[in-house]
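Working notes, beginning with the structure itself.
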Amino acid sequence: MAGTAFIVATAFPVEETVSRRKPFDAVTTAQVGRFFIAVSLAIFGIQHFMNPHFIASLIPAWIPARLFLAYFTGAGFLATALSVAAGVTRLVLGFRLRKLQEQVPSPAMS
């Protein structure tokens, strides 16, 4: 939650009349927020590998391969933590949006 608060804080402009001192600029604040989010995701991923049977017990019984899903989700958390920490989330999102645009026909083509 702290990471999200730092990132949201950079979205709002600061009025110059409020304070002449800026303890943090928007880039530094966003980087700190990204760091907090990446650390949280890494901890969630590690917990999935430390307690896979407990995580698997949280998945409903009618879903098959619950232990595999626990490990798979942990790997996803770790991969996302690395992506957020490295700052490549926009690149991945851009590729996905481009693929989506290629799949959806434009109205002018109909």
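So the values come out like this:
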item: Test for residue 68: is it closer than 11 Å to residue 81 by Cβ and of a type in the set (A, V, I, L, M, F, W, C); result: no
item: Enumeration of residues in the range 22-56 that are at pLDDT 70 or above, farther than 19 Å from residue 72 by Cα and assigned to a loop (DSSP other than H, G, I, E, B); result: none
item: Where a residue in the range 59-76 is free of Cβ contacts under 8 Å to residues at least 60 places away in the same chain and its partner, wherever it lies, is among the basic types (Lys, Arg), with Cβ under 8 Å and at least six apart; result: 59/66
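The values are calculated or read from the model by the stated rules, or taken from the named source; none is laboratory data. Just so you know, these numbers come straight off a predicted model, no measurement behind them. Please note: Cβ atoms are built from the backbone with ideal geometry, for glycine as well, and neighbour counts cover all protein chains shown.
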